[in-house]
Amino acid sequence: MKYDRFVDLVVIGGGPAGLSTAISAKKNGIDDILLLERELCLGGILNQCIHDGFGLHLFKENLTGPEYAQKQIDELKTLNISYLTDAMVINLTKSKELEFIHRTGHKLIKAKAVILAMGCRERTRFNIQIPGTRPSGIYTAGTAQNLVNLQNIKIGKNILILGSGDIGLIMARRLTLEGMNIAGVYEIMSYTAGLERNIQQCLNDYSIPLFLSSTVTEIFGKGRIEGVNIGKVDKDLKPITHSERFVKCDTLLLSVGLIPENELSKKAGVKITDFTGGAVVDSELQTNIEGIFSCGNVLQIHDLADYASLEAKRAGYFAARYIKSKQKRYNRYKINFCEKIKYASPNYIVENKEAIIVSFRIKKPAKNVVLIVKDRENNILVKKKFIRLLPSELIQIKLEREVKSDIYLEIE
Amino acid sequence: MCKNPYDVIIIGAGVVGCACGRELSKYKLNVAVLEKNTDVSEGISKGNSGVVHAGFYVPYGTLKARTNVEGFFAIPKLAAELNFPYKKIGKLVISNDKYGLTELKRLKEAGDKNGCIGLEIITEKQISHIEPKVKAKYALFSKETAIISPYLFTIALVENALKNGVDFFLNHEVIKIWKDKEFFVQTKKDTFHSKWLINAAGLYSDKISCLAGDKNHKIFPCRGEYLVTDKDNEKIINRMIYPIPPKDGASLGVHITPTTDGNILIGPSAEFINNYGLENTKQFLNEMKEDAFKMVPELKRLPIIRTYSGIRPKLIYAKTKKDFRDFVIEESKTVPKLINIIGIESPGLAAAPAIANLVLNIIGNKENLNKNEQFDAYDPKKPDFQSLSVEEKKELIKKNPDFGEIICRCETITKGELLNAINNPLGVKTLDGIKRRCRAGMGRCQGGFCTPRTIKILRKEYGIKEKDILKNENNSNLFFGKIKE
Ligand SMILES: Cc1cc2nc3c(=O)[nH]c(=O)nc-3n(C[C@H](O)[C@H](O)[C@H](O)COP(=O)(O)OP(=O)(O)OC[C@H]3O[C@@H](n4cnc5c(N)ncnc54)[C@H](O)[C@@H]3O)c2cc1C
Ligand SMILES: Cc1cc2nc3c(=O)[nH]c(=O)nc-3n(C[C@H](O)[C@H](O)[C@H](O)COP(=O)(O)OP(=O)(O)OC[C@H]3O[C@@H](n4cnc5c(N)ncnc54)[C@H](O)[C@@H]3O)c2cc1C
């Protein structure tokens, strides 16, 4: 193969994770970095998130999405990190060869290390197989956010939202502010998927009704959507017979989950776990393919951009260390978790002297519980009390002590 | 350019009407195709399995058998001329018991008699050799059964017919027909007249026949639903996998069909309905998955990215296989020069070229047909970025930078391909029309990524107002306008 270029580190994706990881790698001594972003500008999904609430953790400031992104972009530029926008990576191999295309041509590059930071995509009505007709007027909340915030398009007048994910909640408020009616937010679970603060600030403050244990059971309309049937479900999520009622709407927004965008990773042979849809990684955020790292929403869905950036910062540090040392992989221990936990990341621990960060998500809301992290000898590594744990929150814990065996996360 | 009066008017721009149009364009005839929808192939021709059947499901001596086998041999030649996706991947009809084996033998015999080639009965060992993920004791292996993209096939026929002088009128629903020596055909927009009238209106062909004065036909709509999986990159299966056809004769049974793009179709169901509704139902979506997973359990791993449905125009409310009804392809017994094409259910897609040929013969028997010397049978292949080699990709972007800009992330569709699709010769600008022509929006995110980009191009580069952009049919407007003027 004839390469157009050799690079130490390629970062795929220029959202908060990609920007942060590139900055961190540079600060940790890697000069030869190329960040590739398929959009026309850097910033990732933040460019369409014109509301505030970003940066509270990373910058200790309340910023809008674009403001948050701009801070990182400015730093990237100050550090002279090279990047290319409008450049889409279309292929990646396990020997870290990348193909990308740009209006100026098709390029083949070879990298020493690659950091995956491609973000996620949204679940569609077909992924969850909502029966009924297939008219126009059905959008995922993120697509609607793009059309409304970036293209000034009026997507509907009377809008029903299925799913209480954060993007749906944010859009409920946004569309209300633009004078559209929200026919209600419907959530199949008995609790919300979005953050508590968004329920308060986006729904309650605007008197937008929220219906739990309810879902869309059928879509009606020829041409444009005309309404949906809403049905109640029991605690096993089974539809309750005769609970269906028709609700009129001219638009349906779906906020029913995000899927890490790992098609490219799979091409390189990166192993994906069914728990998160993200890569199987070790505590250095390295995947099963040596020299390929993963962070941000492509690794696991983060509820806050700040956390995606912080995780990415660590990926940049470890990738830099990998490039400089080219060390062989260490022994690895497994991270196991109990029934009550939906998933924990990373999947493995690399034997090292540094603090390890483990994040996890609970399956169902719980009150007054204790998280215990044990090693194989039942030594307690961490014990932490939680007054309340919600599935919408990704919890991070730090293991300060050196780990020398598999560990187990337990909720009591 | 309207050449009213016409020699021939064809009602319906599905695969059948379009195949007729292209066939007739080989002769010096003025031909018009009238279609009520905003695009061609918006009827049955978009909602099917896309299989070029080899010809073993249909009884010997029938029009179905004859047109199927003839069409089967004609389609690869057409694919070479017109460059639509065609792949001869083969099919297994599988069974696990002795009853099934006799059925398989019966199918093979019927096929052999119909002139269908490449049929063989194989057993467990051979099956697991060619399809390791399929567990079955017996199978009828049809090496020659092929798949096509049904809408790209139809579009290819249209574009070639257009080039050879056929006029297409979209958004022209026929509402009235009368005859005074010649036919007068009134649509919602205009009136046309012609010597010959071809009724290729698919599901509505009984109604058109009625409007034209022949009340002897009735169609019983029978819906078939489908699920589409994400691309089968690991090649769980390589061929079509079919069950023994159910006893009611309404369908071939829920089957597993790879598409020319690498996805897998699961379906169809068979449900007689009393309207033309294309909805998907929870019951059938669930049942079909179960049926398919029984044949190939590993399919469970592939995410479902889409559901759809199509409707069979049946001539009988079938209960048993004995209730067989043949295609109707004939000059009406009561209305001379009205050619009725009615009841074109499966294998209508495979049979379309042969149906067109039959229609040509009916006209040729009464008219002196002269060859169109300018007829050009060929249409060049449009660039398909994803299928190119590295060198070809480099070359293409160098020539036209639009091929270096991605519009659809899931299918890797470039702006160059999108613009080719938007600039289609029929002038179709609906989102679904563009999607079918270039696949932008057909992938796993179902347009979440490319819709905003396509919309931007339609607005900025083609000056189409947001409120005027349609998904498919009239009234399917995507937006209500701007938020702030
Ligand atoms: C629609 C939406 C709305 C959200 N709203 C909020 C919110 O209000 N508040 C909040 O705190 N969090 C929000 N989040 C979550 C938060 O933004 C994410 O946690 C964060 O953006 C994740 O950062 P990331 O860099 O991993 O992904 P992204 O921001 O998605 O960035 C990934 C980037 O990679 C690029 N890319 C992908 N594939 C390729 C490729 N093959 N080649 C080149 N480039 C590629 C993409 O174009 C994109 O720019 C939202 C997320 C989504 C999807
Ligand atoms: C579930 C299913 C699976 C199938 N699978 C296969 C398969 O694998 N292989 C195969 O060979 N065949 C298959 N078929 C059959 C095949 O799809 C059909 O035979 C074929 O598409 C019929 O084409 P058509 O042109 O007759 O109908 P259509 O495509 O419906 O075309 C008729 C056109 O007439 C138009 N029209 C109707 N009324 C009017 C009016 N008043 N004015 C103007 N225009 C009008 C309609 O809008 C439509 O576009 C399948 C069918 C179904 C339903």
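The values are calculated or read from the model by the stated rules, or taken from the named source; none is laboratory data. Please read all numbers here as calculations on a predicted model, not as lab measurements. For neighbour counting, all protein chains shown are included, and Cβ atoms are generated from backbone atoms with ideal geometry for every residue, glycine included. The accessibility values were calculated without ligands, DNA or RNA, using every heavy atom of the protein model including side chains. Shrake-Rupley method; radii C 1.70, N 1.55, O 1.52, S 1.80 Å.
Considering each of A:Ile23, A:Ile45 in turn, give the residue that is open to solvent by 60 Å² or more (accessible area, probe 1.4 Å) and part of a helix (DSSP H, G or I).
After ruling out the rest, the residue left standing is A:Ile45.
If you check A:Leu108 against the conditions, is it outside any helix (DSSP H, G or I) and either under 13 Å from A:Leu252 (Cβ atoms) or not charged (D, E, K, R) (or both)?
Against the criterion (outside any helix (DSSP H, G or I) and either under 13 Å from A:Leu252 (Cβ atoms) or not charged (D, E, K, R) (or both)), A:Leu108 qualifies.
Cβ-Cβ distance below 7 Å, separation of 6 or more or different chains: which pairs start in the range B:246-265 with a residue that is modelled with pLDDT under 90 and end on one that is among the polar types (S, T, N, Q) and open to solvent by 20 Å² or more (accessible area, probe 1.4 Å)?
Every condition considered, the pairs that remain are B:Lys247/B:Thr320; B:Asp248/B:Thr320; B:Gly249/B:Thr320.
Out of the residues in the range B:450-468 that are open to solvent by less than 40 Å² (accessible area, probe 1.4 Å) and touching a strand residue (DSSP E or B) at 6+ places or on another chain (Cβ under 7 Å), which is farthest from the other protein chains (Cβ to nearest Cβ)?
Checking each candidate, the answer is B:Thr454.
So for the range A:301-309 (the condition being open to solvent by 50 Å² or more (accessible area, probe 1.4 Å) and of a type in the set (Asp, Glu)), does at least one residue qualify?
No, the range A:301-309 has no match at all.
Return yes or no: is B:Asp180 closer than 29 Å to B:Gln374 by Cβ and charged (D, E, K, R)?
The answer is no for B:Asp180.
For the range A:129-141, give me the residue count where each residue is within 18 Å of the chain's Cα centre (by Cα) and open to solvent by less than 10 Å² (accessible area, probe 1.4 Å).
Result for the range A:129-141: 1.
Scan the range B:272-284 for residues that are within 23 Å of A:Arg125 (Cα to Cα) and either away from every other protein chain (no Cβ under 13 Å) or open to solvent by less than 40 Å² (accessible area, probe 1.4 Å) (or both) and jot them down.
Those that are within 23 Å of A:Arg125 (Cα to Cα) and either away from every other protein chain (no Cβ under 13 Å) or open to solvent by less than 40 Å² (accessible area, probe 1.4 Å) (or both): B:Gly277, B:Asn280, B:Thr281, B:Phe284.
Going by what's in this entry, would A:Thr93 be described as within 13 Å of ligand 1 (Cβ to nearest atom), of a type in the set (Val, Ile, Thr) and in contact (Cβ under 8 Å) with a residue 60 or more places away in the chain?
No; evaluated as a whole, the condition is false for this residue.
List pairs: first in the range A:299-311 and not assigned by TED's automatic domain parsing to the domain that holds A:Leu116, second within 16 Å of ligand 2 (Cβ to nearest atom) and in a loop (DSSP other than H, G, I, E, B), Cβ under 6 Å, 6+ apart or cross-chain?
Cβ pairs passing all conditions: none.
Can you pull out every residue in the range A:250-262 that is within 16 Å of the chain's Cα centre (by Cα) and outside any loop (DSSP other than H, G, I, E, B)?
A:Leu258, A:Ile259, A:Pro260
All but one of (1) within 14 Å of chain B (Cβ to nearest Cβ); (2) crowded, with 20+ Cβ neighbours inside 10 Å hold for A:Asp282; state the number of the condition that does not hold.
(1)
Check whether at least one residue in the range B:5-16 is in a strand (DSSP E or B), away from ligand 1 (no atom under 16 Å from the Cβ) and closer than 29 Å to B:Val254 by Cα, and report yes or no.
Looking through the range B:5-16, none of the residues is in a strand (DSSP E or B), away from ligand 1 (no atom under 16 Å from the Cβ) and closer than 29 Å to B:Val254 by Cα.
For a quick check of your reading: which helices (runs of 4 or more DSSP H) sit entirely within the range B:105-224 and have at least 3 residues that are more than 16 Å from ligand 1 (Cβ to nearest atom) and closer than 21 Å to B:Val428 by Cβ?
Here the list reads B:150-163.
Of all the residues that make up the range A:263-278, how many are in a helix (DSSP H, G or I) and polar (S, T, N, Q)?
1
Just checking, does the range A:84-96 include any residue being within 7 Å of chain B (Cβ to nearest Cβ), outside any strand (DSSP E or B) and under 30 Å from A:Ala25 (Cα atoms)?
yes
Table: residues versus (1) in contact with a Ser or Thr (Cβ under 9 Å, 6 or more places away or on another chain); (2) aliphatic (A, V, I, L, M); (3) in the same structural domain as B:Tyr27 (by TED's automatic domain parsing).
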{"position": "B:Glu391", "(1), (2), (3)": "no, no, no"}
{"position": "B:Ile397", "(1), (2), (3)": "yes, yes, no"}
{"position": "B:Glu411", "(1), (2), (3)": "no, no, no"}
{"position": "B:Leu419", "(1), (2), (3)": "no, yes, no"}
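Output the residues belonging to the range A:291-331 that are of a type in the set (Phe, Trp, Tyr) and within 16 Å of ligand 1 (Cβ to nearest atom).
The answer is A:Phe293, A:Tyr307.
So, in the range B:50-76, how many residues would count as being surrounded by fewer than 24 Cβ atoms within 10 Å (Cβ to Cβ) and of a type in the set (S, T, N, Q)?
Matching residues across the range B:50-76 total 1.
Outside any strand (DSSP E or B), in contact with a Ser or Thr (Cβ under 7 Å, 6 or more places away or on another chain), at pLDDT 95 or above and not charged (D, E, K, R), is that true of B:Ala65?
For B:Ala65, the condition - outside any strand (DSSP E or B), in contact with a Ser or Thr (Cβ under 7 Å, 6 or more places away or on another chain), at pLDDT 95 or above and not charged (D, E, K, R) - is not met.
Condition check ((1) open to solvent by 10 Å² or more (accessible area, probe 1.4 Å); (2) over 26 Å from B:Pro303 (Cα atoms); (3) among the β-branched types (Val, Ile, Thr); (4) under 20 Å from the mean Cα position of the chain (by Cα)) across all residues:
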{"residue": "A:Asn204", "(1), (2), (3), (4)": "yes, yes, no, no"}
{"residue": "A:Phe211", "(1), (2), (3), (4)": "yes, yes, no, no"}
{"residue": "A:Gly231", "(1), (2), (3), (4)": "no, no, no, no"}
{"residue": "A:Asp234", "(1), (2), (3), (4)": "yes, no, no, no"}
{"residue": "A:Glu244", "(1), (2), (3), (4)": "yes, yes, no, no"}
{"residue": "A:Leu264", "(1), (2), (3), (4)": "yes, no, no, yes"}
{"residue": "A:Thr273", "(1), (2), (3), (4)": "yes, no, yes, yes"}
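Kindly provide the set of residues from the range A:279-306 that are in a helix (DSSP H, G or I) and acidic (Asp, Glu), ordered by number.
A:Asp306
Tell me, which strands (runs of 3 or more DSSP E) lie completely within the range B:287-400 with 3 or more residues that are within 16 Å of ligand 1 (Cβ to nearest atom) and either more than 30 Å from A:Lys2 (Cβ to Cβ) or within 14 Å of chain A (Cβ to nearest Cβ) (or both)?
none
Quick check, is A:Ile115 among the β-branched types (Val, Ile, Thr) and at the interface with another protein chain (Cβ under 7 Å from one of its Cβ atoms)?
It is false that A:Ile115 is among the β-branched types (Val, Ile, Thr) and at the interface with another protein chain (Cβ under 7 Å from one of its Cβ atoms).
Consider B:Leu419 against the criteria (1) within 11 Å of another protein chain (Cβ to nearest Cβ); (2) open to solvent by 10 Å² or more (accessible area, probe 1.4 Å); (3) aliphatic (A, V, I, L, M): it satisfies all of them except one. Which criterion is unmet?
The single condition B:Leu419 does not satisfy is (1).
Out of (1) within 16 Å of ligand 2 (Cβ to nearest atom); (2) open to solvent by less than 10 Å² (accessible area, probe 1.4 Å), the odd one out for A:Leu175 is which?
With respect to (1) within 16 Å of ligand 2 (Cβ to nearest atom); (2) open to solvent by less than 10 Å² (accessible area, probe 1.4 Å), A:Leu175 is out only on (1).
Looking for something within 16 Å of ligand 1 (Cβ to nearest atom) and in contact with a Leu (Cβ under 6 Å, 6 or more places away or on another chain) - is there at least one such residue anywhere in the range A:344-352?
Within the range A:344-352, not a single residue is within 16 Å of ligand 1 (Cβ to nearest atom) and in contact with a Leu (Cβ under 6 Å, 6 or more places away or on another chain).
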